[in-house]
1. How far apart, in nanometres, would the label points at Leu142 and Ser191 be if each is projected 7 angstrom from Cα along the Cα-to-Cβ direction?
2. So which of Lys13/Lys268; Lys70/Lys149; Lys13/Lys149; Lys149/Lys268 end up more than 30 Å apart by C-alpha?
3. Which GluC sites (Glu not before Pro) from the range 16-87 combine a DSSP loop assignment with at most 14 other Cβ atoms within 10 Å?
4. Can you give the helix-only mean residue ellipticity at 222 nm for the chain, where every DSSP H stretch with n ≥ 4 adds -39500 (n - 2.57) and the sum goes over all residues, rounded to the nearest 500 deg cm²/dmol?
5. Using the Kyte-Doolittle scale, find the helices of the chain whose mean hydropathy is at least 0.0 and whose Cα atoms extend 20 Å or more along the helix's long axis, counting only whole DSSP H runs.
6. Charges at C-beta only: +1 for Lys and Arg, -1 for Asp and Glu. How large is the resulting dipole of the range 100-275 about its Cα centre, in Debye rounded to 20?
7. Which residue, Ala113, Ser54, Leu98, has the largest displacement toward the positive end of the dipole of the range 1-124 when charges sit on each Cβ (Lys, Arg +1; Asp, Glu -1)?
8. Among Leu137, Leu145, Leu171, which comes first, second and so on when ranked by fewest other beta-carbon atoms within 10 Å?
Amino acid sequence: MILDLDIGNTLSKWRLKDSASSEIRSRGAVWTREEWRPGADIPDLDIVDTVRISSVARRSVLAQTEQLLKDRVRAVHVARSSREALGVTNGYVEPERLGVDRWMGALAGYQLAGGSCTVDCGSAITIDFVLPGGRHLGGYILPGLRLMKESLKLGTRNVAIDPDSEADELLAPGRRTVEAVNHGIYMAAVSAVNRIYSEVCDREGVALPMLVTGGDARVVSRGIRVPHAIWPDMVYAGLEACFPLTAAERAGRMAGAPVPPKPVALEKIRAGLAFSMLL
Ligand SMILES: Nc1ncnc2c1ncn2[C@@H]1O[C@H](COP(=O)(O)OP(=O)(O)O)[C@@H](O)[C@H]1O
Ligand SMILES: CC(C)(COP(=O)(O)O)[C@@H](O)C(=O)NCCC(=O)O
Ligand SMILES: [K+]
């Protein structure tokens, strides 16, 4: 079995994949802050042969995890941001400082769609751009929904935005504190994503397919105006592309990959941008 780990600042997600059939056998998440104590929702390492890790948590968490794994499994592959990989050149001045989750998303997006805007809605919301041809431009980091909520200290932290609530409900003025907060942070997030996407596509003269991942992807997706696809396993897909182990992965088929969304025409993006400038 292959164990893939996506260690974020809030949640450490894991996924068990069958090495022979490439099928996903199970998945789970544990809070990153807590120790990985046995009995928590973590897989039985006895059936794990190889581990692939993407981690953006503090170094000690990665060291602890590697320590826990090293004499239990045959091989551990740790992903690191680099100057270039799989046809993508890293747009960061110091490439190794780009969050590994962002780098995995950039690589997966390029493998799938040959250039993309990847939006990862986690503790932070990150937006990265890779042009057709593989040039990563760099990107944007803004607080995630939960962080924005916590920063307000209005005691609404545990009232999550219901991803299935009516679309226009979140556009209406809030009539209770929790509504005012949820509608406000939702609008902050989706307005930023829509505007950043339009500005960069306008500047670069190309309409890019947008791929959305992360724990809050479904909520944010509801407010994104441009054609996009949600790909929950996008960070894992970057691991599959970097360390292909199964027949499907070696053939470049990434688990859970959506049909690449068809972007709207650039003229439409530019018209929308011009219109929003009038507002
Ligand atoms: N099972 C869950 N427990 C807690 N938060 C969750 C869960 N599922 C989705 N979320 C939402 O996803 C966010 C964490 O998303 P994730 O992409 O895992 O973050 P990170 O990669 O930064 O750890 C939380 O802030 C919360 O809004
Ligand atoms: C920006 C992030 C904290 C987002 O991580 P996440 O929300 O997935 O926990 C992570 O990508 C990170 O630690 N980046 C390093 C700094 C940078 O990318 O510029
Ligand atoms: K993430």
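What follows draws every value from the coordinates through simple rules; no lab data is involved. Please read all numbers here as calculations on a predicted model, not as lab measurements. Methodologically, a virtual Cβ is constructed for each residue, glycine included, from the backbone with ideal geometry; neighbour enumeration extends over all protein chains shown.
1. Inter-label distance under the simple model: 0.9 nm.
2. Lys13/Lys268; Lys70/Lys149; Lys149/Lys268
3. Glu23, Glu34, Glu35
4. Taken over the chain, the calculation gives -10500 deg cm²/dmol.
5. 177-204
6. 200 debye
7. Of the options given, the answer is Leu98.
8. Leu171, Leu137, Leu145
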